[in-house]
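Asker: I'd like to ask some things about the structure below.
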Amino acid sequence: GTLVYVSNLRGAGYQPTWMDRTGKRLSSVGPLGDHRGVALSRDGLFATLIRTGEGLHLYDLARNSEVRLTANAGPGIWSPDGSYVVFAATVDGVRGIYRKSANGSGTEELLLPSPTNRQIPADFSQTGTLFFTEQDPKTGSDIWYWSNPGETSTKAGSKPEKFLATAAMETQPQLSPDGRWLAYVSDETGNGEVYVRQFPS
């Protein structure tokens, strides 16, 4: 009948760290804190990360400095040319997928509103295709893609398209460098496992 509990349980936090392929620690980035969702720019010179309660931050890895990109946002992903960062956020009461210049200037630009189902960016291919997951109450987490998001032209592929929606949870889509295969995680067997499918068929 004795209840045993831990009071005030809080870890020291997380710190983004460079490791080599053998697991040897090389160096760390920024101070110790509650950091999540690290994403490197394609040139490896910058990174975005979430600080819980403080929003999405941009790190200059060479200068070891940081600036906050936006508040109330999820993890960021980089555009193919590194000029802007895409993220899920609620800005002025409007939830959706936004983008903002990677140098921190300007304001958040709404790319895709998410008034009902939450949408979370996951990958931005070298060919300019944005992959995101959508939380659907009927099918769980589904995978969508959007060619050239933000384009105002009416060319084919300018609207989001559903790639995979089953009764399982499909998350973390990542396109192969040649653009032919999409890897993702599914719990269709009851466990989270990695699958690969041809893209876009």
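Asker: Roughly how many Å² is the accessible area per residue of the chain, as a whole number, for a 1.4 Å probe? Mind showing how you got there, number by number?
Answerer: Details: 11980 Å² over 201 residues.
Using a 1.4 Å probe on heavy atoms only, each residue of the chain averages 60 Å².
Asker: Suppose the chain between residue 136 and residue 201 were pulled fully straight at 0.36 nm per residue; how much longer would it get relative to their current alpha carbon spacing? Don't skip to the end; give the middle numbers.
Answerer: Working: separation 65, 0.36 × 65 = 23.40 nm, distance 2.17 nm.
This chain segment gains 21.2 nm when fully extended.
Asker: In whole angstrom, how far apart do the alpha carbon centroids of region 1-58 and region 75-131 sit?
Answerer: With region 1-58 and region 75-131 each reduced to a Cα centre, they are spaced 22 Å.
Asker: Stokes-Einstein D for region 1-120 at 4 °C, 1.567 mPa s, Kirkwood Rh over Cα pairs, in µm²/s? Please list the in-between numbers first.
Answerer: Details: Rh = 15.9 Å.
The calculation lands on 82 µm²/s.
Asker: Related question: Mind computing the radius of gyration and Dmax over the alpha-carbon atoms of region 55-120? Å is fine for both.
Answerer: 11.9, 41
Asker: Right, next: Between residue 188 and residue 40, what's the calculated FRET efficiency when r is the beta-carbon distance and R0 is 41 Å? Round to 0.05. Before the final figure, lay out the partial values.
Answerer: Working: r = 30 Å, r/R0 = 0.73.
So the FRET efficiency works out to roughly 0.85.
Asker: May I ask for log10 I(q)/I(0) of region 160-201 at q = 0.17, 0.25, 0.32, 0.34 Å⁻¹, from a Debye sum over the Cα atoms as equal point scatterers with solvent left out?
Answerer: -0.45, -0.89, -1.20, -1.25
Asker: From the alpha carbon gyration tensor of the chain, can you work out the equivalent ellipsoid semi-axes (sqrt of 5 times each eigenvalue) and give them in Å, largest to smallest?
Answerer: Numbers: eigenvalues 157, 111, 73 Å².
Taking √(5λ) for each eigenvalue gives 28, 24, 19 Å, largest first.
Asker: Treating each Cα of region 44-89 as an identical point scatterer and ignoring solvent, apply the Debye formula and state log10 I(q)/I(0) at q = 0.18, 0.25 Å⁻¹.
Answerer: Cα-only, vacuum Debye calculation for region 44-89: -0.49, -0.89.
Asker: Would you kindly state how much longer the chain becomes between residue 167 and residue 54 on full extension, computed as 0.36 nm times their sequence separation minus their alpha carbon distance, in nm to one decimal? Don't jump to the answer; show the numbers that get you there.
Answerer: Numbers: separation 113, 0.36 × 113 = 40.68 nm, distance 3.46 nm.
My answer for the length gained is 37.2 nm.
Asker: Now a separate question. Under a 5 Å amide H to amide H cut-off, with H placed in plane at 1.01 Å, what residues pair with residue 66 once short-range neighbours are removed?
Answerer: Hits under the 5 Å cutoff: 60.
Asker: OK, next. Determine the share of the chain's accessible area contributed by carbon and sulfur atoms, expressed in whole percent, with a 1.4 angstrom probe.
Answerer: On the way: 6030 of 11980 Å².
Exposed carbon and sulfur together represent 50 percent of the surface.
Asker: Reported to two decimal places, what Rg/Rh ratio describes region 1-55 when computed on Cα atoms with Rh from the Kirkwood expression? Before the final figure, lay out the partial values.
Answerer: Numbers: Rg = 16.1 Å, Rh = 13.8 Å.
Ratio of gyration radius to Kirkwood radius for region 1-55: 1.17.
Asker: Note the per residue figure in Å³ for the convex hull of the C-alpha positions in region 102-201. Let's see the in-between values first.
Answerer: Working: hull volume 12.8 nm³, N = 100.
Taking only Cα atoms, region 102-201 has a hull volume of 128 Å³ per residue.
The values are calculated or read from the model by the stated rules, or taken from the named source; none is laboratory data. What you are looking at is a predicted structure, and each value in this text was computed from that prediction instead of being measured. Methodologically, a virtual Cβ is constructed for each residue, glycine included, from the backbone with ideal geometry; neighbour enumeration extends over all protein chains shown. Just so you know, the surface numbers come from the protein's heavy atoms only, side chains and all, with ligands and any DNA or RNA stripped out. Shrake-Rupley method; radii C 1.70, N 1.55, O 1.52, S 1.80 Å.
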